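Accompanying notes for the structure given below.
The values are calculated or read from the model by the stated rules, or taken from the named source; none is laboratory data. Here the structure is a predicted model, which means the values were calculated and not measured. Cβ coordinates were reconstructed from backbone atoms using ideal geometry, including for glycine residues, and neighbour counts include every protein chain displayed.
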Amino acid sequence: VIGKRNFSDDIEVSESSIVINLEDSSILYVDVDIPEIYSRFITNELSADVKFPGNNKKIYKGIVVSTASKINTEKRSLAARISLDNSNLEILPGSLLEITINYNERNSLSIPDTSVILEGNKVYIYKVSQDNLVKKTKIEIGTRNDGFLEVTSGLNEGETIVAEGLKKIRPNGKIKPINK
């Protein structure tokens, strides 16, 4: 991108005058100050979600590429730099951005909260076998988020469960699964 400098009509230009800027905006570097209480969670290679007012519906992906080695004592914050792919040139340098650094992500199994049966302090689900028989199975759960529960034990990836209509199910009964 060629950037024009602001000159008035009455300015004299010599051979050593800088008239244009040559700018590469395909990768933007965003410098952010992380509040001190979160500084221990911020490391290189963390992903970041970036939004800007010009296109609030789109989430751009960035990555933390560096962090300061110490806390800024005046701001009580940690300086970090995020690299942001801007190859489509949708974001202009200097734009105001909203940044979320994803520091607490983990891969885990989750199930709809409509698929659990609570009995006292125990949690159960109905697993569906290959011959469409249901078996009541005890599970352990973790965090709840947007209508889903994290499963920490009792269920493996790829196993089929009954997600809704639990009142119509009987343990060891046969069902007709509906794939959604």
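Starting from residues that are touching a residue at least 24 places away in the same chain (Cβ under 8 Å) and under 32 Å from the mean Cα position of the chain (by Cα), keep the ones in segment 124-138 and report whichever is nearest to Pro177 (Cα to Cα).
Once the filter is applied, the top-ranked residue is Val128.
Output the residues belonging to segment 54-100 that are over 20 Å from Ile34 (Cβ atoms) and surrounded by 15 or more Cβ atoms within 10 Å (Cβ to Cβ).
Residues satisfying the conditions are Asn86, Ile91.
Taking the residues in segment 4-30 that are surrounded by 10 or more Cβ atoms within 10 Å (Cβ to Cβ) and assigned to a strand (DSSP E or B) as candidates, determine which candidate is modelled with the lowest pLDDT.
In this case the residue turns out to be Asn21.
Here's the yes/no breakdown for (1) among the charged types (D, E, K, R); (2) over 19 Å from Glu105 (Cα atoms):
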{"site": "Asp24", "(1), (2)": "yes, yes"}
{"site": "Arg40", "(1), (2)": "yes, no"}
{"site": "Thr43", "(1), (2)": "no, no"}
{"site": "Leu46", "(1), (2)": "no, no"}
{"site": "Asp49", "(1), (2)": "yes, no"}
{"site": "Pro53", "(1), (2)": "no, yes"}
{"site": "Ile71", "(1), (2)": "no, yes"}
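Asn121 fails exactly one of the following numbered conditions: (1) more than 28 Å from Asn179 (Cβ to Cβ); (2) within 23 Å of the chain's Cα centre (by Cα). What is the number of that condition?
(2)
Would you check which residues across segment 141-168 are small (Gly, Ala, Ser), surrounded by fewer than 11 Cβ atoms within 10 Å (Cβ to Cβ) and in contact with a strand residue (DSSP E or B) (Cβ under 9 Å, 6 or more places away or on another chain) and list them?
Initial filter on segment 141-168 (small (Gly, Ala, Ser)): 142, 147, 153-154, 158, 163, 165.
Still in the list and also surrounded by fewer than 11 Cβ atoms within 10 Å (Cβ to Cβ): 147, 158.
Within segment 141-168, just Gly147 meets the criteria.
Can you spot a residue in segment 41-61 that is of a type in the set (Asp, Glu), out of contact with any helix residue (DSSP H, G or I) (no Cβ under 9 Å at 6 or more places or on another chain) and assigned to a loop (DSSP other than H, G, I, E, B)?
Initial filter on segment 41-61 (of a type in the set (Asp, Glu)): 45, 49.
Now restrict to residues that are out of contact with any helix residue (DSSP H, G or I) (no Cβ under 9 Å at 6 or more places or on another chain): 45, 49.
Applying the additional criterion that residues be assigned to a loop (DSSP other than H, G, I, E, B) yields 45.
So far as segment 41-61 goes, yes, one or more of its residues are of a type in the set (Asp, Glu), out of contact with any helix residue (DSSP H, G or I) (no Cβ under 9 Å at 6 or more places or on another chain) and assigned to a loop (DSSP other than H, G, I, E, B).
Here is a list of conditions, (1) assigned by TED's automatic domain parsing to the domain that holds Arg144; (2) in contact with a strand residue (DSSP E or B) (Cβ under 6 Å, 6 or more places away or on another chain), and Thr114 meets all of them except one; can you say which number that is?
Here Thr114 meets the rest and fails (2).
Quickly run through segment 140-177 and pick out the residues that are without any contact (Cβ under 8 Å) to a residue 24 or more places away in the chain and either farther than 19 Å from Asn107 by Cβ or assigned to a strand (DSSP E or B) (or both).
Glu140, Thr143, Ser153, Gly165, Lys167, Lys168, listed by residue number.
What are the residues in segment 11-50 that are β-branched (Val, Ile, Thr), assigned by TED's automatic domain parsing to the domain that holds Lys61 and over 18 Å from Pro93 (Cα atoms), if any?
Correct list: Ile34, Ile37, Ile42, Thr43.
Could you pull out the residue among Ile71, Ile99, Ile63 that is within 19 Å of the chain's Cα centre (by Cα) and either modelled with pLDDT of 95 or more or farther than 30 Å from Gly142 by Cβ (or both)?
Details: Ile71 fails: within 19 Å of the chain's Cα centre (by Cα); Ile99 fails: either modelled with pLDDT of 95 or more or farther than 30 Å from Gly142 by Cβ (or both).
Criteria check complete, one pass: Ile63.
Determine whether segment 83-90 contains at least one residue that is over 12 Å from Tyr29 (Cα atoms) and assigned to a strand (DSSP E or B). Before the answer, list the steps.
Start the filter on segment 83-90 by keeping residues that are over 12 Å from Tyr29 (Cα atoms), which leaves 87-90.
From what's left, assigned to a strand (DSSP E or B): none.
No; the residues of segment 83-90 include none that is over 12 Å from Tyr29 (Cα atoms) and assigned to a strand (DSSP E or B).
When you check Ser26 against the structure, is it within 30 Å of Glu150 (Cβ to Cβ) and either more than 20 Å from the chain's Cα centre (by Cα) or not acidic (Asp, Glu) (or both), yes or no? Steps first, please.
On the way: within 30 Å of Glu150 (Cβ to Cβ): no; either more than 20 Å from the chain's Cα centre (by Cα) or not acidic (Asp, Glu) (or both): yes.
No; evaluated as a whole, the condition is false for this residue.
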